[in-house]
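The values are calculated or read from the model by the stated rules, or taken from the named source; none is laboratory data. Computed from a predicted structure; not experimentally measured. Cβ atoms come from the backbone with ideal geometry, glycine included; neighbour counts cover every protein chain shown.
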Amino acid sequence: MSLSAHLSDGRQVVLGPALAKAGEGTIYPLIDDPTLVAKVFHADRNDLDQKRAKLAAMIAAPPVGATQSDGFTVLTWPQQLLTGHDGRFGYLMSRVDTSTAVEIHTLSNPVNRADPLPSAPQWTRHATWGHLVNVAANLCLAVEAVHSVNAVIGDFQERNILVNDTTRVTLVDCDSMQFSDAEGHRYLCPVGRPEFTAPELAGTDLSTTLRDPAGDLFALAVHVHLLLMAGNHPFLRGVWTGPGDQPDAMTLAKTGEWAGGPGSRLHTHPLAPPPTFLPAAIQALFVRAFSDGARTPASRPTAAEWRAALQTINVVTCNRGHQLPAGNPQCPWCAIDAERALRKQQRAAPAQHPIPVPAAGSRPWAEAPVPVPANGSWGPGRIAAVAVAVVALVIAIPLGLRALQADDNSPAQSQSTYRTVTADPNTYAAQAPTATVTVTQQPAFTPGPSTATATIVGTCDEGGTCGVKQRTAPLVSAPRLVSTDLRDGDTVTLMCQATGDQRTSEGHGTSSMWYRLANGAYVNSVYFNATPGLPAC
């Protein structure tokens with residue numbers, strides 16, 4: 001059954017059979033234009049006049065980059081108003097090819113990615129960590145397009161983000177976004193998912209609350225974390241070391257305590273990668289988004305800052321085929337595999353050794369949290385414990401996405417080819433040549449000392465006063481992590497080392513190496529009486 005309607009420019013269109021029906025309206029194809037669909041609102045809605053005004057305002061101010069030059073849809077932004085002969089109204093938007101697109105959680109969740117439903121696109125099983133980095137960068141570019149017209153996504157949740165098999169991203173449900181027109185009329189976004197809602201919005205009535213783009217930047221950081229950190233939400237999964245039960249995600253977000261974050265009582269879960277495996281620049285952005293942003297939302301990094309940092313990640317592989325950023329002395333995925341193998345061995349133990357029955361009300365030993373260092377890394381004792389359980393594991397994973405394999409003439413085990421984003425915030429590199437990332441083999445990791453102690457020296461040239469600041473990143477411009485300065489003679493515990501800005505101390509030379517302390521802060525090595533070799537942060 002077809003429906004007739006006319007557009008705001010006077011043209012007549014014919015709608016085909018319904019494609020989908022949702023709470024707000026029904027989606028129909030256009031018989032004569034396969035690149036467009038119509039969303040027609042249900043007639044019983046009580047906000048249709050306001051919705052019409054909002055859509056008219058959005059149509060008058062389309063973001064640059066909402067559609068790529070090759071026709072790929074970045075934003076399903078309203079294009080024209082539509083009125084049916086039955087009086088119902090709606091709008092036209094670009095049609096998304098759902099035969100190759102998946103909701104973003106299908107990629108960020110390792111189980112969903114590796115084992116898609118039979119009816120779903122199958123390319124996700126071939127996606128690598130490097131592809132997830134590219135998805136994160138493309139998501140940032142889509143957010144930039146939204147913010148360029150002073151719109152706020154608002155309901156920035158996983159089901160409103162689609163990823164296709166070239167790692168490009170589409171944001172859907174754009175008509176729910178917050179938007180302000182040229183006359184200052186504000187059309188709010190009344191909905192949102194708690195796990196992607198910024199802490200400053202907790203307890204507010206979203207139907208009457210004007211949102212700031214900083215709220216989107218919180219949700220963006222959560223999505224990037226989910227992509228890079230094996231689907232682990234920064235405020236949900238970890239080992240709680242504070243008193244009582246682990247607080248809910250919103251409470252943790254309000255206090256800036258995220259898994260493995262500096263000074264956080266929520267430590268990295270043993271089956272999750274620590275944030276320290278990421279480049280220092282990415283770590284610093286997470287600190288700004290979750291730690292600093294809890295107090296000052298305006299300090300959260302913009303989508304452009306995230307995209308610039310993500311584009312600098314050099315992806316390599318370990319000896320077992322896992323992808324990770326270059327410069328890591330150990331592979332976090334190998335450590336997770338080893339932890340899983342150890343737990344599997346422990347679960348098999350009852351067949352050989354009787355296990356005492358736990359006392360009533362206590363937790364079985366197999367469910368007890370596994371202690372991890374405060375900095376979220378693995379010490380030599382932990383590595384030695386899990387090493388005995390490591391089994392030979394060979395996973396053959398094609399490094400190129402199915403849709404891109406035709407562009408990759410190199411051996412699958414040595415290269416990964418995927419599209420990259422350009423420096424131009426208004427366009428993707430859809431028609432640009434693909435970029436090849438050479439994947440090199442990392443030498444096997446030999447653990448050294450996991451910690452060391454050192455004494456502070458030579459701080460009296462730090463800003464003209466005695467004392468050295470404890471910073472959130474190995475950068476001179478990084479803010480303080482703690483308010484107190486370290487003084488000559490103070491003894492601290494060093495956890496790992498990172499490369500950052502150069503510092504000079506009279507009598508101790510110049511160095512670009514920084515140490516991360518047990519409290520998560522960074523201090524340049526020139527302020528220590530010794531420079532022990534430690535694993536990279």
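Taking the criterion of being more than 26 Å from His126 (Cβ to Cβ) and basic (Lys, Arg), the only residue of the stretch 297-335 that qualifies is Arg300.
Considering only residues in the stretch 463-503 that are charged (D, E, K, R) and touching a Gly at 6+ places or on another chain (Cβ under 6 Å), the one that is surrounded by the fewest Cβ atoms within 10 Å (Cβ to Cβ) turns out to be Arg487.
Has the stretch 93-100 got any residue that is assigned to a helix (DSSP H, G or I), touching a residue at least 24 places away in the same chain (Cβ under 8 Å) and either out of contact with any Lys or Arg (no Cβ under 7 Å at 6 or more places or on another chain) or surrounded by fewer than 16 Cβ atoms within 10 Å (Cβ to Cβ) (or both)? No.
Considering only residues in the stretch 162-197 that are outside any loop (DSSP other than H, G, I, E, B) and polar (S, T, N, Q), the one that is nearest to His131 (Cα to Cα) turns out to be Thr170. Of the residues making up the stretch 233-270, those that are surrounded by fewer than 23 Cβ atoms within 10 Å (Cβ to Cβ) and either polar (S, T, N, Q) or assigned to a helix (DSSP H, G or I) (or both) are Thr241, Gln246, Ala249, Met250, Thr251, Lys254, Thr255.
Before we move on, is Glu200 at negative phi, assigned to a loop (DSSP other than H, G, I, E, B) and either in contact with a Pro (Cβ under 8 Å, 6 or more places away or on another chain) or not polar (S, T, N, Q) (or both)? Criteria not met by Glu200. Restricting attention to the stretch 523-533, the residues that are crowded, with 22+ Cβ neighbours inside 10 Å and either touching a Leu at 6+ places or on another chain (Cβ under 8 Å) or basic (Lys, Arg) (or both) add up to 3. Is there a residue being modelled with pLDDT of 95 or more, part of a strand (DSSP E or B) and under 24 Å from Thr312 (Cα atoms) anywhere in the stretch 139-161? Checked against the condition, which is being modelled with pLDDT of 95 or more, part of a strand (DSSP E or B) and under 24 Å from Thr312 (Cα atoms), the stretch 139-161 yields at least one hit.
Of all residues in the stretch 2-21, at least one satisfies being assigned to a strand (DSSP E or B) and touching a His at 6+ places or on another chain (Cβ under 6 Å). Being within 13 Å of the chain's Cα centre (by Cα) and touching a residue at least 24 places away in the same chain (Cβ under 8 Å) holds for only one residue in Gly256, Gly231, and it is Gly231. Within the stretch 271-316, the set of residues being in a loop (DSSP other than H, G, I, E, B) and crowded, with 19+ Cβ neighbours inside 10 Å comprises Ala272, Pro273, Pro274, Leu278, Pro279, Arg300, Pro301, Ile313. Scanning the stretch 70-92 for residues that are β-branched (Val, Ile, Thr) and out of contact with any Lys or Arg (no Cβ under 9 Å at 6 or more places or on another chain) yields a single hit, Thr83.
Of all the criteria given as (1) touching a strand residue (DSSP E or B) at 6+ places or on another chain (Cβ under 6 Å); (2) of a type in the set (Ser, Thr, Tyr); (3) assigned to a loop (DSSP other than H, G, I, E, B), the one not satisfied by Thr83 is (3).
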